[in-house]
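The values are calculated or read from the model by the stated rules, or taken from the named source; none is laboratory data. All values derive from a computational prediction rather than experimental measurement. Cβ atoms come from the backbone with ideal geometry, glycine included; neighbour counts cover every protein chain shown. SASA here: full protein model, heavy atoms, side chains in, ligands and nucleic acids out. Shrake-Rupley method; radii C 1.70, N 1.55, O 1.52, S 1.80 Å.
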Amino acid sequence: MTNNEFVLQGSPSIKQELLDKPTTPIVTTNYELKTAGFWVRFWAFVLDGLIISAVGGIVANPIFYLMGWSLSDSVWYAPISIISAILYYCYFVLMTKFFGQTLGKMAFGLRVISLEHDKLTWSDVLFREWIGRLINNIIIPLYIFVAILPDNQGIHDYFADTTVVHEKVYVAKETAQLATPTQEKPKEPEQIVEKIEEE
């Protein structure tokens, strides 16, 4: 009677080889535009406010003087309040959409960028410069979020998925991830030995 036995001689299991290989972290350095902090954005906003006030005075005052309308009414529905609000929001919306920055941001080298798109879309700009800014202007302390939230995003930035960055200032950010060993194809068995035992 004959028993045929086949013995495979080859490499140890691939799974064990992968487990035995040491993994070292791979550190990659990426350069990203530096986000603008609270104070530089604050001074850019102050400059924008002065520009809007100057333009409003040049445009609105003569018209109101000729029409005999009051410039001292402080209620929100007064003609001067409505025209000032229209000028204020149109300035921020149109400058941000077409230039990515207002005159105040230009002076300080800042730019608004989208975190989702290559270019700012109308929805990005309207959510940021109209709806978000309106909420911030009603509850002014919300502007402080620019100083405490990651990437210096304000509430209006969160609404639109935007942030404000320095135009030509980059920071290095290092990220580390474990190296995954390359998967090898299983080696072919080196040889097959046939052992024949005879009784």
Report summary line: Full extension between ALA172 and THR121 adds, at 0.36 nm per residue less the Cα distance, a length in nm of 15.6 nm
Report summary line: Phi-derived 3J(HN,Hα) across segment 46-61 with the Karplus relation (6.51, -1.76, 1.60, θ = phi - 60°), rounded Hz, x for Gly and Pro, is 4, 4, 4, x, 5, 5, 5, 5, 5, 5, x, x, 5, 8, 7, 4
Requested in this report: Enumerate lysine pairs in segment 30-177 that are 8 or more residues apart or on different chains, then count those whose Cα atoms are under 16 Å apart.
Outcome: 6
Query raised in the report: Gain in length, ILE144 to TYR158, computed as 0.36 nm per residue apart minus the alpha-carbon separation, to one decimal in nm?
Result: 3.7 nm
Query raised in the report: P(r) tail for segment 127-180, what percent of Cα pairs lie past 17 Å?
Result: 49 percent
Query - Karplus 3J(HN,Hα) series, Hz, for segment 128-144 with 6.51 cos²θ - 1.76 cosθ + 1.60 (x for Gly, Pro) - result: 7, 8, 10, 5, x, 5, 4, 5, 5, 6, 6, 10, 4, x, 5, 4, 5
Report summary line: Any residue on another chain or 5+ positions along whose placed amide H is under 5 Å from the amide H of ALA36 is listed here as VAL164, VAL165, HIS166
Report summary line: Between the modelled labels at VAL59 and THR28 (7 Å from Cα along Cα→Cβ) the distance in nm is 4.7 nm
Report task. Taking amide H positions as placed in the peptide plane 1.01 Å from N, state which residues far from LEU115 in sequence (5 or more) or on other chains have amide H under 5 Å from it. Result -> THR162, THR163
Query raised in the report: Any idea of TRP69's accessible area? Nearest 10 Å², probe 1.4 Å.
Result: 120 Å²
